[in-house]
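The structure appears below as structure tokens.
The values are calculated or read from the model by the stated rules, or taken from the named source; none is laboratory data. Please read these numbers as outputs of a predicted model, since none were measured by experiment. Here the Cβ positions follow ideal geometry from the backbone for every residue, glycine too, while neighbour counts run over all protein chains shown.
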Amino acid sequence: MAAVLSRAAHLRRAYRLFSSYTTSSRLTLHFSNEIPKSHLHRPPPQSDVGSFTKPPRFLSTNTQADSALKGTASDAHSDQGKQSGDSHQSSEQGKSIRGGPISWLSFLLLVASGAGVIFYYDQEKKRHIEDINTSSTAVKQGPSVGKAAIGGPFNLVDHDGRSVTEKDFKGKWTLIYFGFTHCPDICPDELQKLAAAIDTIKGKAGFEIVPVFISVDPERDTVEQVREYVKEFHPKLIGLTGHPDEIKKAARAYRVYYMKTEEEGSDGSDYLVDHSIIMYLMDPNMEFVKFFGKNNDVDALSEGIINEIKQYKKAKA
């Protein structure tokens, strides 16, 4: 009986082992049928040798998805970097245009300002030149207070040989010019201007002016020489000459400068006289009123004398 029981127990144990083996074989066969042979026989990558082999099917799909995601992320990152670079480049360009030291608007404003300054300077320069020309030709009024120490007594000889002093001209308006008969150009021009001016004054205002020429070259300007000289300019022009000392005294009284200038190599008879080029207006008391320089033309000289006479008459009235 015991032997029978022992044999039965042995058989049950053998059955359980067989059953478990059969079930295991079926599971293995089923699992192998589900996995493609390419996955079963593909050798693992070198980088994964010795490591746990990933489950074939669903892990491969996830790997491809991860790669796609990584590629998309990489492309997005690249696009973002490109956009960032473009944005940075645009920002730099905008900065160089808008924030640079000189923009087009600033350049145009600078050019316009420079042109305005040049135009203003040119206009001011022209105005200044015109003022200088006007002031040099315009007749200036005499001083309102006091009189210049010009004029005084003299004792000379006229072109007819008569002795003449300053007293012979009192009661008349006199216009005096100092020069010499051998003067090549300045004296003739000034005497022609003087003669034209006294005729203009007579015609416009009716004032009588006595023109007087006083020589500063007494050595050559004799009475006869002066007489022939004054006839060339005006019939009322009075020519005066005299002793060198008397000429010097008269010139000193009227603040006239003159000096003989001999040319080198000459015999002493051919020379010029450097002198002041001024006309002196004297009132009826033979007192100085105003002087007129070379820069006054006939019109300016005439108007200046007329204005001085009118002011004089107004003050005396």
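Sort out which residues of the stretch 157-179 are of a type in the set (A, V, I, L, M, F, W, C) and over 59 Å from the mean Cα position of the chain (by Cα), and write them in order of number. Reasoning before the result, please.
Here is the first cut: in the stretch 157-179, the residues of a type in the set (A, V, I, L, M, F, W, C) are 157, 164, 169, 173, 175-176, 178.
Within the stretch 157-179, Val157, Val164 qualify.
Of the conditions (1) modelled with pLDDT of 95 or more; (2) in a helix (DSSP H, G or I), Lys313 clears all except one; give me its number.
(1)
Look at Val164 and say whether it is modelled with pLDDT under 95 and of a type outside the set (S, T, N, Q). Break it down stepwise before answering.
Details: modelled with pLDDT under 95: no; of a type outside the set (S, T, N, Q): yes.
No, not satisfied.
Going by what's in this entry, would Lys249 be described as out of contact with any helix residue (DSSP H, G or I) (no Cβ under 7 Å at 6 or more places or on another chain), at negative phi and modelled with pLDDT under 95? Working first, answer last.
Numbers: out of contact with any helix residue (DSSP H, G or I) (no Cβ under 7 Å at 6 or more places or on another chain): yes; at negative phi: yes; modelled with pLDDT under 95: no.
It is false that Lys249 is out of contact with any helix residue (DSSP H, G or I) (no Cβ under 7 Å at 6 or more places or on another chain), at negative phi and modelled with pLDDT under 95.
Just for the stretch 182-216: of the residues that are charged (D, E, K, R) and in contact with a strand residue (DSSP E or B) (Cβ under 8 Å, 6 or more places away or on another chain), which one is farthest from Asp160 (Cα to Cα)? Spell out the reasoning first.
Initially, the stretch 182-216 is screened for residues charged (D, E, K, R), giving 185, 189-190, 193, 199, 202, 204, 208.
Next cut, in contact with a strand residue (DSSP E or B) (Cβ under 8 Å, 6 or more places away or on another chain) only: 190, 202, 208.
Working: Glu190: 23, Lys202: 25, Glu208: 22 Å.
Looking at residues that are charged (D, E, K, R) and in contact with a strand residue (DSSP E or B) (Cβ under 8 Å, 6 or more places away or on another chain), I get Lys202.
Can you tell me how many residues in the stretch 277-306 are more than 21 Å from Phe169 (Cβ to Cβ) and part of a helix (DSSP H, G or I)?
Qualifying residue count, the stretch 277-306: 4.
Just one of Asp299, Asp274, Asp245 is within 46 Å of the chain's Cα centre (by Cα) and farther than 19 Å from Ile186 by Cβ; which is it?
Working: Asp274 fails: farther than 19 Å from Ile186 by Cβ; Asp245 fails: within 46 Å of the chain's Cα centre (by Cα).
Residue meeting the stated conditions: Asp299.
For the stretch 157-168, enumerate the residues that are closer than 21 Å to Asp245 by Cβ and of a type outside the set (Val, Ile, Thr).
Keep residues of the stretch 157-168 that are closer than 21 Å to Asp245 by Cβ, which gives 157-159, 161-168.
The answer is Asp158, His159, Gly161, Arg162, Ser163, Glu166, Lys167, Asp168.
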